[in-house]
1. Cross-link list LYS361/LYS410; LYS38/LYS543; LYS55/LYS187: which exceed 26 angstrom alpha carbon to alpha carbon?
2. Out of all DSSP beta bridges with both ends in the chain, state the antiparallel percent to the nearest 5.
3. Would you kindly derive the ³J(HN,Hα) couplings of the range 556-568 from the backbone phi angles with the Karplus curve 6.51 cos²θ - 1.76 cosθ + 1.60 (θ = phi - 60°), listing them in order in whole Hz, with x for Gly and Pro?
4. Any lysines with Cα under 22 Å of the LYS37 Cα? List them, leaving off those in the same chain fewer than 8 positions away.
5. Quick one: check the C-alpha center-to-center distance for the range 436-507 versus the range 120-184, whole angstrom.
6. Accessible area per residue of the range 364-548 at 1.4 Å probe, in Å²?
7. Divide, for the range 32-156, the radius of gyration over alpha carbons by 2.2 N^0.38 Å, where N is the residue count.
8. About its Cα centre, how strong a charge dipole does the chain have in debye, to the nearest 20, once Lys and Arg get +1 and Asp and Glu get -1 at the Cβ?
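The values are calculated or read from the model by the stated rules, or taken from the named source; none is laboratory data. All of these numbers come straight from a predicted model, not from anything done at the bench. Every residue, glycine as well, gets a Cβ built from its backbone with ideal geometry; the counts of neighbours run over all protein chains shown. Accessible surface is based on the protein model in full, side chains and every heavy atom, while ligands, DNA and RNA are left aside. Shrake-Rupley method; radii C 1.70, N 1.55, O 1.52, S 1.80 Å.
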Amino acid sequence: MASHGGSSFLSSQTRSLLLFVFGFVLLVSLQAEAATKKYQFDVQVNNVSRLCHAKPIVTINGRFPGPTIYAREGDRVIINVSNHAQYNMSIHWHGLKQYANGWADGPAYITQCPIQTGNSYVYDFNVTGQRGTLWWHAHIFWLRATVYGAIVILPKQGTPFPFPQPDNEQVLVFGEWWHGDVEEIVKKGNAMGLPPNMSDAHTINGKPGPLFPCSEKHTFAMEVEQGKKYLLRIANAALNDELFFAVAGHNMTVVEIDAVYTKPFTTSAILIAPGQTTNVLVYANRAPGRYFMAVRPFQDVPIPVDNKTATAIFQYKGIPETVLPSLPQLPSPNDTAFALSYNKKLRSLNTRNFPANVPLKVDRKLLFTVGLGKSVCPTCINGTRLSASLNNITFVMPQTGLLQAHYWNKKGVFSVDFPDKPPKAFNYTGAPLTANLFTSHGTRLSKISFNSTVELVIQDTNLLSVESHPFHLHGYNFFVVGTGIGNFDPAKDPAKYNLVDPPERNTVGVPTGGWSAIRFRADNPGVWFFHCHLELHTGWGLKTAFVVEDGPGKDQAVRPPPKDLPPC
(Lines give C-alpha, C1' and ligand atoms only; values in the text may rest on other atoms or scores of the structure.)
Protein backbone atom coordinates (compact mmCIF):
# COMPACT_ATOMS: atom_id res chain seq x y z
CA MET A 1 0.00 0.00 0.00
CA ALA A 2 2.80 2.38 0.96
CA SER A 3 4.64 1.88 -2.31
CA HIS A 4 1.35 2.25 -4.22
CA GLY A 5 0.68 5.54 -2.40
CA GLY A 6 4.25 6.71 -3.14
CA SER A 7 3.92 6.04 -6.87
CA SER A 8 0.55 7.84 -6.87
CA PHE A 9 2.14 10.85 -5.10
CA LEU A 10 5.01 10.77 -7.60
CA SER A 11 2.66 10.64 -10.59
CA SER A 12 0.70 13.62 -9.28
CA GLN A 13 3.97 15.53 -8.84
CA THR A 14 4.99 14.55 -12.33
CA ARG A 15 1.56 15.56 -13.61
CA SER A 16 1.88 18.99 -11.97
CA LEU A 17 5.36 19.44 -13.41
CA LEU A 18 4.20 18.39 -16.85
CA LEU A 19 1.22 20.76 -16.62
CA PHE A 20 3.54 23.60 -15.55
CA VAL A 21 5.98 22.90 -18.40
CA PHE A 22 3.11 22.59 -20.90
CA GLY A 23 1.55 25.84 -19.64
CA PHE A 24 4.89 27.65 -19.78
CA VAL A 25 5.58 26.42 -23.33
CA LEU A 26 2.04 27.40 -24.37
CA LEU A 27 2.45 30.86 -22.82
CA VAL A 28 5.82 31.38 -24.50
CA SER A 29 4.45 30.21 -27.86
CA LEU A 30 1.39 32.47 -27.52
CA GLN A 31 3.64 35.41 -26.63
CA ALA A 32 5.85 34.57 -29.61
CA GLU A 33 2.79 34.50 -31.86
CA ALA A 34 0.85 37.46 -30.48
CA ALA A 35 3.34 40.31 -30.43
CA THR A 36 2.66 44.02 -29.96
CA LYS A 37 3.82 46.14 -32.91
CA LYS A 38 4.33 49.84 -32.20
CA TYR A 39 4.60 52.62 -34.78
CA GLN A 40 5.09 56.38 -34.56
CA PHE A 41 3.38 58.37 -37.34
CA ASP A 42 4.42 62.04 -37.56
CA VAL A 43 2.09 64.02 -39.83
CA GLN A 44 4.30 66.69 -41.37
CA VAL A 45 4.63 68.85 -44.47
CA ASN A 46 7.63 68.18 -46.72
CA ASN A 47 8.73 69.44 -50.12
CA VAL A 48 8.52 66.65 -52.68
CA SER A 49 9.59 66.90 -56.33
CA ARG A 50 7.70 65.23 -59.19
CA LEU A 51 7.17 66.16 -62.87
CA CYS A 52 9.96 68.76 -62.86
CA HIS A 53 8.95 70.83 -59.86
CA ALA A 54 8.65 70.61 -56.09
CA LYS A 55 5.66 71.33 -53.91
CA PRO A 56 4.84 70.96 -50.19
CA ILE A 57 2.74 67.86 -49.42
CA VAL A 58 1.42 66.26 -46.23
CA THR A 59 3.43 63.13 -45.41
CA ILE A 60 3.87 60.56 -42.67
CA ASN A 61 7.43 60.62 -41.28
CA GLY A 62 8.49 62.61 -44.35
CA ARG A 63 7.81 59.66 -46.63
CA PHE A 64 5.66 59.45 -49.77
CA PRO A 65 4.05 56.96 -49.84
CA GLY A 66 4.10 56.47 -46.08
CA PRO A 67 5.62 53.54 -44.19
CA THR A 68 4.32 49.98 -44.61
CA ILE A 69 2.84 48.49 -41.43
CA TYR A 70 3.88 44.88 -40.82
CA ALA A 71 2.06 42.59 -38.40
CA ARG A 72 1.07 38.95 -37.98
CA GLU A 73 -2.42 37.59 -37.59
CA GLY A 74 -3.15 37.76 -33.85
CA ASP A 75 -0.86 40.75 -33.17
CA ARG A 76 -1.78 43.92 -31.36
CA VAL A 77 -0.88 47.10 -33.27
CA ILE A 78 -0.39 50.48 -31.56
CA ILE A 79 0.14 53.54 -33.78
CA ASN A 80 0.69 56.96 -32.22
CA VAL A 81 -0.27 59.66 -34.73
CA SER A 82 1.16 63.12 -33.96
CA ASN A 83 -0.14 65.95 -36.11
CA HIS A 84 2.45 68.63 -37.00
CA ALA A 85 0.64 69.81 -40.19
CA GLN A 86 -1.76 72.73 -40.62
CA TYR A 87 -4.65 70.39 -41.48
CA ASN A 88 -6.69 68.38 -39.02
CA MET A 89 -6.02 64.67 -39.59
CA SER A 90 -7.54 61.23 -39.14
CA ILE A 91 -6.27 57.90 -40.51
CA HIS A 92 -8.32 54.88 -41.54
CA TRP A 93 -6.89 51.35 -41.45
CA HIS A 94 -8.75 50.21 -44.54
CA GLY A 95 -10.16 46.68 -44.35
CA LEU A 96 -9.30 45.98 -40.70
CA LYS A 97 -12.50 44.85 -38.98
CA GLN A 98 -11.87 46.62 -35.64
CA TYR A 99 -14.28 44.35 -33.73
CA ALA A 100 -16.36 46.50 -31.29
CA ASN A 101 -13.50 48.99 -31.57
CA GLY A 102 -14.73 51.67 -33.95
CA TRP A 103 -12.61 54.17 -31.98
CA ALA A 104 -9.64 52.86 -33.99
CA ASP A 105 -11.35 52.92 -37.40
CA GLY A 106 -10.45 56.50 -38.26
CA PRO A 107 -12.96 58.24 -40.60
CA ALA A 108 -13.29 61.86 -39.46
CA TYR A 109 -16.66 62.77 -37.89
CA ILE A 110 -17.85 59.16 -38.18
CA THR A 111 -15.90 57.30 -35.49
CA GLN A 112 -13.84 60.21 -34.18
CA CYS A 113 -13.25 63.90 -34.50
CA PRO A 114 -9.99 64.64 -36.31
CA ILE A 115 -6.61 65.04 -34.60
CA GLN A 116 -6.06 68.77 -34.42
CA THR A 117 -2.76 70.47 -35.24
CA GLY A 118 -0.28 69.95 -32.38
CA ASN A 119 -2.18 66.98 -30.91
CA SER A 120 -1.76 63.19 -30.94
CA TYR A 121 -4.03 60.15 -30.92
CA VAL A 122 -3.22 56.47 -30.40
CA TYR A 123 -4.86 53.91 -32.70
CA ASP A 124 -4.83 50.64 -30.74
CA PHE A 125 -6.26 47.49 -32.34
CA ASN A 126 -5.92 43.73 -32.65
CA VAL A 127 -5.52 41.90 -35.95
CA THR A 128 -7.96 39.02 -35.53
CA GLY A 129 -8.84 36.40 -38.15
CA GLN A 130 -7.25 38.37 -41.00
CA ARG A 131 -4.12 37.96 -43.02
CA GLY A 132 -2.97 39.44 -46.35
CA THR A 133 -2.59 42.91 -47.85
CA LEU A 134 -4.62 45.93 -46.74
CA TRP A 135 -3.73 49.63 -46.64
CA TRP A 136 -4.12 52.80 -44.62
CA HIS A 137 -4.93 56.37 -45.66
CA ALA A 138 -6.01 59.78 -44.43
CA HIS A 139 -9.80 59.94 -44.06
CA ILE A 140 -10.49 63.66 -44.13
CA PHE A 141 -10.69 66.14 -47.02
CA TRP A 142 -8.60 64.93 -50.01
CA LEU A 143 -5.49 64.41 -47.86
CA ARG A 144 -5.25 60.77 -48.88
CA ALA A 145 -3.78 62.11 -52.16
CA THR A 146 -0.41 61.88 -50.37
CA VAL A 147 -1.12 60.30 -46.96
CA TYR A 148 -1.30 56.54 -47.56
CA GLY A 149 0.65 53.29 -47.27
CA ALA A 150 0.33 49.51 -47.21
CA ILE A 151 -0.54 47.10 -44.40
CA VAL A 152 1.03 43.63 -44.65
CA ILE A 153 -0.48 41.03 -42.31
CA LEU A 154 1.55 37.82 -42.33
CA PRO A 155 -0.06 34.47 -41.43
CA LYS A 156 0.58 33.05 -37.96
CA GLN A 157 4.05 31.54 -37.45
CA GLY A 158 4.32 28.17 -39.19
CA THR A 159 1.16 28.69 -41.27
CA PRO A 160 1.94 28.47 -45.00
CA PHE A 161 0.21 30.36 -47.79
CA PRO A 162 -2.41 28.24 -49.60
CA PHE A 163 -0.46 28.80 -52.84
CA PRO A 164 3.17 28.21 -53.91
CA GLN A 165 5.59 29.89 -51.49
CA PRO A 166 7.11 32.97 -53.19
CA ASP A 167 10.88 33.50 -53.15
CA ASN A 168 10.34 37.17 -52.44
CA GLU A 169 7.61 39.80 -52.33
CA GLN A 170 7.07 43.45 -53.21
CA VAL A 171 4.48 46.06 -52.20
CA LEU A 172 3.09 48.18 -55.07
CA VAL A 173 0.77 51.06 -54.17
CA PHE A 174 -0.87 52.99 -57.02
CA GLY A 175 -1.72 56.66 -56.60
CA GLU A 176 -2.38 59.97 -58.34
CA TRP A 177 -0.30 63.15 -58.48
CA TRP A 178 -1.38 66.77 -58.99
CA HIS A 179 0.96 69.63 -59.95
CA GLY A 180 -0.88 71.98 -57.62
CA ASP A 181 -2.05 71.95 -54.00
CA VAL A 182 -4.81 69.32 -53.97
CA GLU A 183 -6.85 70.99 -51.22
CA GLU A 184 -6.82 74.32 -53.10
CA ILE A 185 -7.80 72.58 -56.36
CA VAL A 186 -10.78 70.96 -54.60
CA LYS A 187 -11.85 74.25 -52.96
CA LYS A 188 -11.74 76.01 -56.33
CA GLY A 189 -13.85 73.30 -57.98
CA ASN A 190 -16.41 73.37 -55.15
CA ALA A 191 -16.68 77.16 -55.33
CA MET A 192 -17.54 76.94 -59.03
CA GLY A 193 -19.81 73.90 -58.61
CA LEU A 194 -17.57 71.85 -60.93
CA PRO A 195 -15.36 68.78 -60.50
CA PRO A 196 -11.80 69.74 -59.53
CA ASN A 197 -9.04 69.40 -62.12
CA MET A 198 -8.07 65.78 -62.72
CA SER A 199 -4.64 64.53 -61.67
CA ASP A 200 -1.53 65.18 -63.78
CA ALA A 201 -0.05 61.69 -63.38
CA HIS A 202 -0.60 58.27 -61.90
CA THR A 203 2.12 56.79 -59.72
CA ILE A 204 3.51 53.41 -58.67
CA ASN A 205 4.98 53.66 -55.15
CA GLY A 206 4.82 57.44 -55.49
CA LYS A 207 6.69 57.53 -58.81
CA PRO A 208 5.19 58.19 -62.26
CA GLY A 209 7.92 56.46 -64.29
CA PRO A 210 9.95 57.33 -67.40
CA LEU A 211 7.00 58.16 -69.68
CA PHE A 212 6.88 61.48 -67.78
CA PRO A 213 9.46 64.30 -67.77
CA CYS A 214 12.13 64.55 -65.06
CA SER A 215 11.63 60.93 -64.07
CA GLU A 216 15.24 59.69 -63.84
CA LYS A 217 14.94 59.58 -60.05
CA HIS A 218 11.20 59.00 -60.10
CA THR A 219 10.94 55.50 -61.50
CA PHE A 220 10.34 52.52 -59.24
CA ALA A 221 12.24 49.32 -60.15
CA MET A 222 12.20 45.86 -58.59
CA GLU A 223 15.03 43.44 -59.29
CA VAL A 224 14.13 39.81 -59.98
CA GLU A 225 16.13 36.64 -60.56
CA GLN A 226 15.53 34.20 -63.39
CA GLY A 227 13.44 31.18 -62.29
CA LYS A 228 12.14 32.71 -59.03
CA LYS A 229 8.57 33.61 -58.15
CA TYR A 230 7.41 36.88 -56.61
CA LEU A 231 4.34 37.91 -54.66
CA LEU A 232 3.18 41.40 -55.63
CA ARG A 233 1.05 43.01 -52.91
CA ILE A 234 -0.96 45.65 -54.79
CA ALA A 235 -3.18 48.44 -53.39
CA ASN A 236 -5.06 51.11 -55.36
CA ALA A 237 -4.73 54.37 -53.42
CA ALA A 238 -5.83 56.52 -56.38
CA LEU A 239 -8.53 59.00 -55.42
CA ASN A 240 -10.80 58.65 -58.42
CA ASP A 241 -9.63 56.02 -60.92
CA GLU A 242 -10.16 52.30 -61.37
CA LEU A 243 -6.92 50.98 -62.84
CA PHE A 244 -5.70 48.22 -65.14
CA PHE A 245 -2.28 46.77 -64.26
CA ALA A 246 0.00 44.45 -66.23
CA VAL A 247 3.63 43.29 -66.41
CA ALA A 248 5.05 43.19 -69.94
CA GLY A 249 5.70 39.63 -71.15
CA HIS A 250 4.51 38.01 -67.89
CA ASN A 251 1.20 36.55 -66.75
CA MET A 252 0.00 36.95 -63.16
CA THR A 253 -1.78 34.47 -60.89
CA VAL A 254 -4.36 36.18 -58.65
CA VAL A 255 -4.26 34.58 -55.17
CA GLU A 256 -5.92 37.14 -52.87
CA ILE A 257 -8.24 40.17 -52.87
CA ASP A 258 -8.85 42.53 -49.94
CA ALA A 259 -6.88 40.20 -47.61
CA VAL A 260 -8.99 37.13 -48.47
CA TYR A 261 -7.50 34.16 -50.36
CA THR A 262 -9.04 33.37 -53.73
CA LYS A 263 -9.14 30.40 -56.08
CA PRO A 264 -6.00 31.08 -58.14
CA PHE A 265 -6.42 32.03 -61.79
CA THR A 266 -3.98 33.33 -64.39
CA THR A 267 -4.48 36.61 -66.22
CA SER A 268 -2.52 39.01 -68.42
CA ALA A 269 -3.90 42.06 -66.55
CA ILE A 270 -5.84 42.89 -63.38
CA LEU A 271 -8.52 45.50 -62.65
CA ILE A 272 -8.38 47.19 -59.27
CA ALA A 273 -10.72 49.92 -57.98
CA PRO A 274 -9.82 52.63 -55.44
CA GLY A 275 -9.79 51.02 -52.00
CA GLN A 276 -9.16 47.48 -53.25
CA THR A 277 -6.06 45.30 -52.82
CA THR A 278 -4.94 42.33 -54.90
CA ASN A 279 -2.08 39.88 -54.43
CA VAL A 280 -0.61 38.19 -57.51
CA LEU A 281 2.19 35.68 -58.11
CA VAL A 282 4.57 36.47 -60.99
CA TYR A 283 7.14 33.94 -62.24
CA ALA A 284 10.39 35.45 -63.53
CA ASN A 285 10.53 32.88 -66.32
CA ARG A 286 11.07 35.04 -69.41
CA ALA A 287 14.23 35.97 -71.26
CA PRO A 288 16.27 38.11 -68.84
CA GLY A 289 15.63 41.75 -69.65
CA ARG A 290 13.80 44.85 -68.46
CA TYR A 291 9.99 44.86 -68.56
CA PHE A 292 7.59 47.67 -67.79
CA MET A 293 4.89 47.25 -65.16
CA ALA A 294 2.14 49.70 -66.12
CA VAL A 295 -1.15 51.16 -64.83
CA ARG A 296 -3.78 53.25 -66.58
CA PRO A 297 -7.46 53.96 -65.89
CA PHE A 298 -10.53 51.97 -66.84
CA GLN A 299 -13.38 54.34 -67.71
CA ASP A 300 -16.27 53.13 -69.87
CA VAL A 301 -18.28 56.36 -69.97
CA PRO A 302 -17.25 59.65 -71.64
CA ILE A 303 -16.10 61.40 -68.45
CA PRO A 304 -12.66 63.09 -68.54
CA VAL A 305 -10.00 61.22 -66.55
CA ASP A 306 -6.24 61.35 -66.29
CA ASN A 307 -5.60 58.66 -68.90
CA LYS A 308 -1.81 58.77 -68.82
CA THR A 309 0.11 55.54 -68.14
CA ALA A 310 2.38 55.23 -65.08
CA THR A 311 5.21 52.71 -65.26
CA ALA A 312 7.70 50.89 -63.05
CA ILE A 313 10.35 48.38 -64.07
CA PHE A 314 10.50 44.61 -63.54
CA GLN A 315 14.25 44.20 -63.94
CA TYR A 316 16.13 40.91 -64.22
CA LYS A 317 19.37 40.80 -62.25
CA GLY A 318 22.49 41.63 -64.24
CA ILE A 319 20.72 43.41 -67.11
CA PRO A 320 22.19 46.88 -67.74
CA GLU A 321 19.91 49.90 -67.36
CA THR A 322 20.67 50.92 -70.94
CA VAL A 323 18.31 48.16 -72.16
CA LEU A 324 14.97 49.74 -73.05
CA PRO A 325 11.98 48.07 -71.30
CA SER A 326 9.04 46.78 -73.32
CA LEU A 327 5.47 47.96 -72.58
CA PRO A 328 2.67 45.51 -71.67
CA GLN A 329 -0.55 45.14 -73.65
CA LEU A 330 -3.08 46.73 -71.30
CA PRO A 331 -6.82 46.40 -71.99
CA SER A 332 -8.21 49.45 -73.82
CA PRO A 333 -9.44 52.19 -71.42
CA ASN A 334 -13.12 51.40 -72.13
CA ASP A 335 -12.86 47.57 -72.18
CA THR A 336 -16.06 46.77 -70.26
CA ALA A 337 -16.00 43.14 -71.43
CA PHE A 338 -12.57 42.57 -69.85
CA ALA A 339 -13.69 44.27 -66.61
CA LEU A 340 -16.83 42.14 -66.27
CA SER A 341 -15.10 38.88 -67.18
CA TYR A 342 -12.17 39.58 -64.81
CA ASN A 343 -14.50 40.24 -61.85
CA LYS A 344 -16.47 37.08 -62.67
CA LYS A 345 -13.30 34.99 -62.20
CA LEU A 346 -12.85 36.15 -58.60
CA ARG A 347 -13.96 33.37 -56.22
CA SER A 348 -13.34 32.69 -52.53
CA LEU A 349 -11.02 29.79 -51.78
CA ASN A 350 -13.76 28.14 -49.65
CA THR A 351 -11.68 25.34 -48.08
CA ARG A 352 -11.86 23.78 -44.62
CA ASN A 353 -9.20 26.22 -43.34
CA PHE A 354 -10.59 29.20 -45.24
CA PRO A 355 -14.38 28.72 -45.53
CA ALA A 356 -16.78 31.09 -47.25
CA ASN A 357 -19.51 31.53 -44.61
CA VAL A 358 -22.07 33.11 -46.92
CA PRO A 359 -25.36 34.02 -45.18
CA LEU A 360 -27.97 31.80 -46.86
CA LYS A 361 -30.96 33.22 -44.96
CA VAL A 362 -31.46 36.99 -45.13
CA ASP A 363 -33.10 38.96 -42.30
CA ARG A 364 -32.99 42.40 -43.93
CA LYS A 365 -33.10 43.30 -47.63
CA LEU A 366 -31.88 46.73 -48.71
CA LEU A 367 -31.80 48.46 -52.10
CA PHE A 368 -29.64 51.60 -52.36
CA THR A 369 -29.76 53.65 -55.57
CA VAL A 370 -26.70 55.68 -56.54
CA GLY A 371 -27.60 59.10 -57.93
CA LEU A 372 -25.35 61.73 -59.47
CA GLY A 373 -27.19 65.01 -60.00
CA LYS A 374 -27.19 68.77 -59.59
CA SER A 375 -28.37 70.96 -56.74
CA VAL A 376 -29.10 74.68 -56.69
CA CYS A 377 -26.08 76.92 -56.01
CA PRO A 378 -26.67 80.63 -56.72
CA THR A 379 -22.94 81.47 -56.39
CA CYS A 380 -21.77 78.68 -58.75
CA ILE A 381 -20.99 79.17 -62.45
CA ASN A 382 -24.18 77.64 -63.87
CA GLY A 383 -26.33 78.28 -60.80
CA THR A 384 -25.94 74.61 -59.83
CA ARG A 385 -23.37 72.38 -58.22
CA LEU A 386 -22.80 68.66 -58.72
CA SER A 387 -24.11 66.47 -55.93
CA ALA A 388 -24.65 62.79 -55.21
CA SER A 389 -27.13 60.75 -53.21
CA LEU A 390 -28.05 57.29 -51.95
CA ASN A 391 -31.80 56.63 -52.05
CA ASN A 392 -32.28 60.32 -52.89
CA ILE A 393 -30.46 61.45 -49.73
CA THR A 394 -27.31 63.56 -49.96
CA PHE A 395 -25.38 62.84 -46.75
CA VAL A 396 -24.49 65.80 -44.54
CA MET A 397 -21.35 65.35 -42.45
CA PRO A 398 -21.92 66.06 -38.74
CA GLN A 399 -19.69 68.24 -36.57
CA THR A 400 -19.21 65.53 -33.94
CA GLY A 401 -18.26 61.88 -34.25
CA LEU A 402 -21.30 59.70 -34.97
CA LEU A 403 -19.88 56.88 -32.84
CA GLN A 404 -19.54 59.28 -29.91
CA ALA A 405 -23.13 60.45 -30.38
CA HIS A 406 -24.29 56.82 -30.52
CA TYR A 407 -22.23 55.68 -27.53
CA TRP A 408 -23.29 58.59 -25.29
CA ASN A 409 -26.81 58.75 -26.75
CA LYS A 410 -26.47 62.40 -27.84
CA LYS A 411 -29.65 63.65 -29.47
CA GLY A 412 -29.85 65.78 -32.59
CA VAL A 413 -26.63 64.56 -34.26
CA PHE A 414 -28.19 61.97 -36.58
CA SER A 415 -31.42 60.10 -37.23
CA VAL A 416 -31.86 56.36 -37.95
CA ASP A 417 -34.53 56.70 -40.62
CA PHE A 418 -32.44 56.00 -43.73
CA PRO A 419 -34.88 54.22 -46.09
CA ASP A 420 -34.39 50.53 -46.96
CA LYS A 421 -35.25 51.30 -50.58
CA PRO A 422 -35.57 54.41 -52.79
CA PRO A 423 -38.73 56.41 -52.06
CA LYS A 424 -39.69 56.33 -55.73
CA ALA A 425 -39.03 53.43 -58.12
CA PHE A 426 -38.21 54.25 -61.75
CA ASN A 427 -36.30 52.85 -64.73
CA TYR A 428 -32.95 53.31 -62.96
CA THR A 429 -30.63 52.73 -65.93
CA GLY A 430 -32.91 53.88 -68.77
CA ALA A 431 -32.73 57.21 -70.58
CA PRO A 432 -31.33 60.05 -68.42
CA LEU A 433 -34.02 61.08 -65.99
CA THR A 434 -35.03 64.73 -65.92
CA ALA A 435 -37.88 64.43 -63.40
CA ASN A 436 -37.29 65.88 -59.94
CA LEU A 437 -36.82 63.02 -57.46
CA PHE A 438 -36.89 65.47 -54.52
CA THR A 439 -33.41 64.71 -53.21
CA SER A 440 -33.06 65.70 -49.56
CA HIS A 441 -30.04 66.47 -47.40
CA GLY A 442 -29.48 64.96 -43.98
CA THR A 443 -27.39 62.89 -41.58
CA ARG A 444 -29.62 59.84 -41.83
CA LEU A 445 -28.29 56.41 -40.85
CA SER A 446 -29.58 52.85 -41.19
CA LYS A 447 -30.04 50.90 -37.94
CA ILE A 448 -29.24 47.16 -38.04
CA SER A 449 -29.97 44.54 -35.35
CA PHE A 450 -26.92 42.78 -33.95
CA ASN A 451 -26.06 39.49 -35.67
CA SER A 452 -28.79 39.90 -38.29
CA THR A 453 -27.98 39.02 -41.89
CA VAL A 454 -28.16 41.77 -44.48
CA GLU A 455 -28.45 41.73 -48.26
CA LEU A 456 -27.70 45.07 -49.87
CA VAL A 457 -28.21 45.66 -53.59
CA ILE A 458 -26.34 48.77 -54.81
CA GLN A 459 -27.98 50.02 -58.02
CA ASP A 460 -26.33 52.53 -60.35
CA THR A 461 -28.72 55.03 -61.98
CA ASN A 462 -28.74 57.32 -65.00
CA LEU A 463 -29.90 60.48 -63.22
CA LEU A 464 -27.09 62.55 -64.73
CA SER A 465 -24.89 59.79 -66.14
CA VAL A 466 -24.21 56.14 -65.46
CA GLU A 467 -20.79 55.46 -63.91
CA SER A 468 -19.00 52.70 -62.04
CA HIS A 469 -18.70 53.11 -58.25
CA PRO A 470 -16.39 51.29 -55.80
CA PHE A 471 -18.29 51.07 -52.50
CA HIS A 472 -16.44 50.42 -49.22
CA LEU A 473 -18.04 49.21 -45.99
CA HIS A 474 -16.05 49.93 -42.83
CA GLY A 475 -15.87 47.31 -40.06
CA TYR A 476 -16.85 44.36 -42.26
CA ASN A 477 -16.04 42.04 -45.08
CA PHE A 478 -18.98 41.05 -47.27
CA PHE A 479 -19.69 38.52 -49.99
CA VAL A 480 -20.37 39.78 -53.52
CA VAL A 481 -23.12 37.27 -54.34
CA GLY A 482 -24.28 38.79 -57.62
CA THR A 483 -23.68 41.52 -60.15
CA GLY A 484 -25.35 42.54 -63.39
CA ILE A 485 -25.93 45.20 -66.01
CA GLY A 486 -29.22 47.12 -66.14
CA ASN A 487 -31.87 47.18 -63.41
CA PHE A 488 -31.79 44.62 -60.60
CA ASP A 489 -34.76 42.24 -60.92
CA PRO A 490 -35.76 40.91 -57.46
CA ALA A 491 -37.85 38.19 -59.11
CA LYS A 492 -35.14 36.74 -61.37
CA ASP A 493 -31.64 37.88 -60.38
CA PRO A 494 -31.34 36.19 -56.94
CA ALA A 495 -31.69 32.80 -58.67
CA LYS A 496 -28.33 33.51 -60.35
CA TYR A 497 -26.49 34.37 -57.12
CA ASN A 498 -23.28 32.54 -56.25
CA LEU A 499 -23.88 31.37 -52.65
CA VAL A 500 -21.07 28.78 -52.65
CA ASP A 501 -17.78 30.60 -53.23
CA PRO A 502 -18.49 34.29 -53.99
CA PRO A 503 -15.62 36.76 -53.60
CA GLU A 504 -15.28 38.15 -50.08
CA ARG A 505 -14.03 41.71 -49.86
CA ASN A 506 -14.42 45.14 -48.23
CA THR A 507 -14.76 47.25 -51.40
CA VAL A 508 -17.00 46.28 -54.33
CA GLY A 509 -17.04 47.76 -57.81
CA VAL A 510 -20.62 48.48 -58.93
CA PRO A 511 -20.53 48.27 -62.74
CA THR A 512 -21.49 51.20 -64.97
CA GLY A 513 -25.26 51.13 -65.48
CA GLY A 514 -25.58 48.00 -63.35
CA TRP A 515 -25.82 46.62 -59.82
CA SER A 516 -23.96 44.55 -57.24
CA ALA A 517 -25.52 42.49 -54.43
CA ILE A 518 -23.57 41.95 -51.20
CA ARG A 519 -24.35 39.95 -48.05
CA PHE A 520 -22.88 40.21 -44.56
CA ARG A 521 -23.67 39.30 -40.96
CA ALA A 522 -23.98 42.39 -38.73
CA ASP A 523 -21.87 40.97 -35.87
CA ASN A 524 -19.66 44.04 -35.28
CA PRO A 525 -21.40 46.62 -33.04
CA GLY A 526 -20.82 50.33 -33.64
CA VAL A 527 -21.23 52.98 -36.32
CA TRP A 528 -19.74 51.94 -39.65
CA PHE A 529 -19.27 54.23 -42.65
CA PHE A 530 -20.51 53.11 -46.08
CA HIS A 531 -19.39 55.23 -49.03
CA CYS A 532 -18.22 55.42 -52.61
CA HIS A 533 -14.40 55.30 -52.62
CA LEU A 534 -14.14 57.85 -55.43
CA GLU A 535 -13.18 60.90 -53.38
CA LEU A 536 -15.06 63.13 -55.81
CA HIS A 537 -18.36 61.33 -55.16
CA THR A 538 -17.82 61.01 -51.40
CA GLY A 539 -17.38 64.79 -51.20
CA TRP A 540 -20.64 65.26 -53.11
CA GLY A 541 -22.55 63.21 -50.49
CA LEU A 542 -22.45 59.62 -51.80
CA LYS A 543 -22.29 58.05 -48.34
CA THR A 544 -24.19 56.96 -45.26
CA ALA A 545 -23.47 54.80 -42.19
CA PHE A 546 -24.89 51.75 -40.44
CA VAL A 547 -25.61 51.79 -36.71
CA VAL A 548 -25.18 48.16 -35.63
CA GLU A 549 -26.75 47.63 -32.22
CA ASP A 550 -24.91 46.00 -29.31
CA GLY A 551 -25.37 42.27 -28.80
CA PRO A 552 -26.41 40.56 -25.54
CA GLY A 553 -22.96 39.10 -24.70
CA LYS A 554 -20.31 40.88 -22.63
CA ASP A 555 -17.94 41.12 -25.65
CA GLN A 556 -20.73 42.14 -28.04
CA ALA A 557 -20.96 45.82 -27.18
CA VAL A 558 -18.94 48.83 -28.29
CA ARG A 559 -15.89 49.13 -26.03
CA PRO A 560 -15.44 52.27 -23.91
CA PRO A 561 -13.58 55.02 -25.79
CA PRO A 562 -9.88 55.70 -25.16
CA LYS A 563 -8.96 58.60 -22.88
CA ASP A 564 -7.14 60.50 -25.65
CA LEU A 565 -10.12 60.59 -28.04
CA PRO A 566 -9.76 63.87 -30.00
CA PRO A 567 -12.23 66.59 -28.96
CA CYS A 568 -14.66 68.07 -31.46
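1. Listed pairs above 26 Å: LYS361/LYS410; LYS38/LYS543.
2. 70 percent
3. 10, 10, 4, 5, x, x, x, 5, 9, 3, x, x, 8
4. LYS97, LYS156, LYS563
5. Using only Cα atoms, the two centres lie 25 Å from each other.
6. Computed with neighbouring chains in place, this is 37 Å² per residue.
7. The reported ratio for this selection is 1.06.
8. Roughly 600 debye, rounded to the nearest 20.
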